[in-house]
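Step one of this worksheet: look at the structure below.
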Amino acid sequence: MPQHPFKRIAPILLAVAVAEAADIVSLSTATSSFGIDGTGSLSAITGNGHNYLAPGQPAPVLQVRIEGQDLAPESATWDAASTRLTLRYQGGAAQAVVKITAKPSHVVMELVAASPLDRIDAVRWGPYPTTINRVVGELVGVVRDTEFAIGIQSLNSKTQDGEPCGDGFIDQSYRALDAVQHDGILKIISTPVQYRGGAAKATTFGSILQMHAWEHERSDAFAQANATSGARSYAPIQPVKYPGWTVVGTKIALFACPEPQALATLGDIELTEGLPHPLIDGAWAKSSPQNGPIQYFCFEFDETNLDEFIGVADKAGIKWIYHNSPWDTWGHFPPKPGMFPGGMASLGACVTKIHDAGLRFGAHTLSLFITDDDAYATGGDPRLASAQDLTLAKAIAPDDTVIELAEKPLFGGNQNVIIDREIIAFTGVIDTPPWKLTGCLRGSHGTARAAHPAGARVGKLASMRYGKDVFHGNLELGTEIMANCAKICNEAKIDHWCFDGFESYSALGVGGAGGGIFLDAWNAGLSPEKRNRMMIEASCMSNYGWHSTFSANWGEPWYDTFRKSMLAYRLEMVRFHARNYLPPMLGQYFIHPDGETPEDIEWLMALATGYNAGFSLTFGRGSSSYVTGEATSETARIRPPNLDALMAIIRVWREAHAAGAFTAAIREQLQDETREFHLASAGAGQWDLYPRTNGTLGAPTRLVAAGTP
């Protein structure tokens, strides 16, 4: 990354420059104030009687990127009447105007003008340096110590986490320490853990808060950044241009408040700024203690065995159930006819039965993936995303198996192109002139063969192998698919929706902004009855997406034994959740049709209780349950031989947890994944917790419901 101009100045001179610049405005909320000086930099973040702005560090309100160079403002003026801050760069060669509004809980900053727009490739809010780094919420954009918190929030899909980069989901992952007790994390891990976001980042002096926005009208600069970011294989390999998409309109909120008020402040920002604010039983999902951890059972049920599956959940006291593969194809998402012969009406009737039983229902999707048997593929929809657009050098007939191109292909063989509405699979690529695709299978994936003239567009489809060819949509098609998903939830009254595969927003060529655009389309498509009433999971998240997303159930069971599969990753992720005000989740677990051991289920329940964490428990055979699954349901999967014993274990742990029987000292022991425990009921409101060592139970500790004398 180009060196920041301020970094060329000796620290002592920088400190003097900052000290000499007079404040031109002070912005006050109910709990803090933010000062801005005549250089266009933050001069103070004040609250609790302290200034939390890190001394001697650059703190530009907004940087602009021109020709690869990040430029901080050199001067600024404030217009109190319009509440606009004008920032000037490079001796006046560039200018930005920021509308600033102070509200009771936060300060809003919006870029309302910038020039010259044809030279500004990106902007960066900050970085804003603070002296706090005890807990750094890299995704949620909040840094905290035991007394005070400071945060930054994206207020629209154009505004993304961290500094300008390519595919933000990949670029802004790193490893660092999270070695203090906080937010229910009692067991300390002294080695670095995974961080997944750049809105906040720890530094030697404290931390920084930052956001960014790219222009995509010209898009060359972003395409270059994306090419070096390790972006997803289906991301475009050429610039994707969106007329009118400039940096103007990027918008953030800043806040600072006593630490115990930080989460509530985030909720206030959501409500004030019109962001998603999901509720469960009328309470904000992020803070409602009565909701408890979300633990749910997964099974590919159908109309004939749903009652039995509801009974399984009831035996364990589970209140959420989930279908991991209900869709016949991905894109339009029609229900599988072998499970729901009446289509959406059958699925809706099943959901009604689930609700009548007092349970909630969720469904899994590979959200933005389009299977090659979906109508979008078989119809050759021209909105299928292209990784590279080329042109035909010569006309081709319907049976030609060699295609000559007018430009050099930047991809290898065994992929697919689309010409008009015909998808053509090919095996080989000749990447020296004359450029050619060879081994072409005409009319692939159910499309019709056709003749095509010279000069026709040849789009190399953005795709991947997921058991079969899976395609992606462009911006228009992707937002339509999000609308399809919302319509299904409206019609079938679904409560819980998983956007697995959500990182396929990379196919749009706009980085993390693609995820925000899709969430906007999703929320807009929900009916008033369902809007802000859905539990959303996703396979990746952003600061903007945090407001829509309830949880991230990351960690899969397919790679090792029940306890070992991705265990280190799972334990890192519950820390990620805690840092970022997300309900902790331990990921997916699996009950084989032959059954699991009671000791394994009790190990999971102890760990989940220790972390106050949710999880999913899938009745199935393997990872295919979450991909294409089965055409019909197999009832035997919910009939393991020791089902009743396993469900009784889950129920007793859930009942004791709901009663508040586990003290902090006990929960710290339960967070040790190397230990085993057995819990037994000891009468009304009482339980005995036994340590288990090599299969032998030790002396019990009596637990009682909270509030018991």
Report task. Starting from residues that are surrounded by 14 or more Cβ atoms within 10 Å (Cβ to Cβ) and not hydrophobic (A, V, I, L, M, F, W, C), keep the ones in the stretch 665-674 and report whichever is farthest from LEU703 (Cα to Cα). Result -> GLU673
Report summary line: So, first residue free of Cβ contacts under 8 Å to residues at least 12 places away in the same chain in the stretch 257-273, second residue open to solvent by less than 40 Å² (accessible area, probe 1.4 Å), Cβ within less than 9 Å, six or more apart or across chains; the pairs are PRO260/ALA149; LEU271/HIS277
Query raised in the report: Which ones in the stretch 507-539 are under 18 Å from ALA552 (Cβ atoms) and either among the hydroxyl-bearing types (Ser, Thr, Tyr) or assigned to a loop (DSSP other than H, G, I, E, B) (or both)?
Result: GLY512, MET534, SER539
Query raised in the report: Do any residues in the stretch 594-614 that are closer than 19 Å to LYS187 by Cα and part of a loop (DSSP other than H, G, I, E, B) have Cβ atoms under 6 Å from those of residues that are among the small types (Gly, Ala, Ser) and open to solvent by 10 Å² or more (accessible area, probe 1.4 Å), where the two are at least six apart or on different chains, and which pairs are they?
Result: ASN612/GLY184
Query raised in the report: Can you find even one residue in the stretch 146-153 that is of a type in the set (Ser, Thr, Tyr), over 19 Å from ILE36 (Cβ atoms), open to solvent by less than 10 Å² (accessible area, probe 1.4 Å) and modelled with pLDDT of 95 or more?
Result: no
Query raised in the report: Quick one: in the stretch 296-333, which of the residues that are open to solvent by 10 Å² or more (accessible area, probe 1.4 Å) and polar (S, T, N, Q) is nearest to HIS472 (Cα to Cα)?
Result: THR329
Requested in this report: Grab the strands (runs of 3 or more DSSP E) fully contained in the stretch 30-112, keeping just those with 1 or more residues being in contact with a Pro (Cβ under 6 Å, 6 or more places away or on another chain) and among the hydrophobic types (A, V, I, L, M, F, W, C).
Outcome: 84-89
Report summary line: (1) farther than 30 Å from GLU67 by Cα; (2) of a type in the set (Val, Ile, Thr); (3) part of a loop (DSSP other than H, G, I, E, B) all hold for VAL248 apart from (1)
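Check PHE677, PHE662 and return the single one that is surrounded by 15 or more Cβ atoms within 10 Å (Cβ to Cβ) and free of Cβ contacts under 8 Å to residues at least 60 places away in the same chain.
Answer to the selection: PHE662.
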Query raised in the report: Among GLU529, GLU537, GLU503, which is farther than 20 Å from ASN580 by Cα and of a type in the set (Asp, Glu)?
Result: GLU529
Query raised in the report: Does the stretch 360-369 contain at least one residue that is at pLDDT below 95, among the polar types (S, T, N, Q), within 29 Å of ASP220 (Cα to Cα) and not in a strand (DSSP E or B)?
Result: yes
Report task. Give the number of residues within the stretch 651-707 that are assigned to a strand (DSSP E or B), among the charged types (D, E, K, R) and within 18 Å of ILE601 (Cα to Cα). Result -> 3
Requested in this report: Working only within the stretch 573-631, note down all residues that are of a type in the set (Asp, Glu) and within 18 Å of ARG654 (Cα to Cα).
Outcome: GLU599, ASP600, GLU602
Report task. With the condition kept exactly as written, say whether any residue in the stretch 230-249 is closer than 19 Å to ASN543 by Cβ and at pLDDT 95 or above. Result -> yes
Query raised in the report: Could you give every pair whose Cβ atoms fall below 9 Å, whose first residue belongs to the stretch 685-709 and is closer than 20 Å to THR609 by Cα, and whose second residue is among the hydroxyl-bearing types (Ser, Thr, Tyr) and loosely packed, with under 15 Cβ neighbours inside 10 Å, counting only separations of at least 6 or pairs across chains?
Result: GLY685/THR708; GLN686/THR708; TRP687/SER681; ASP688/SER681; LEU703/THR663
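The values are calculated or read from the model by the stated rules, or taken from the named source; none is laboratory data. Because the structure is predicted, anything quoted here is derived from the model rather than measured. Note that we place each Cβ from the backbone using ideal geometry, even for glycine, and neighbour counts take in every protein chain shown. These area figures cover heavy atoms from the full protein model, side chains too; ligands, DNA and RNA do not enter into them. Shrake-Rupley method; radii C 1.70, N 1.55, O 1.52, S 1.80 Å.
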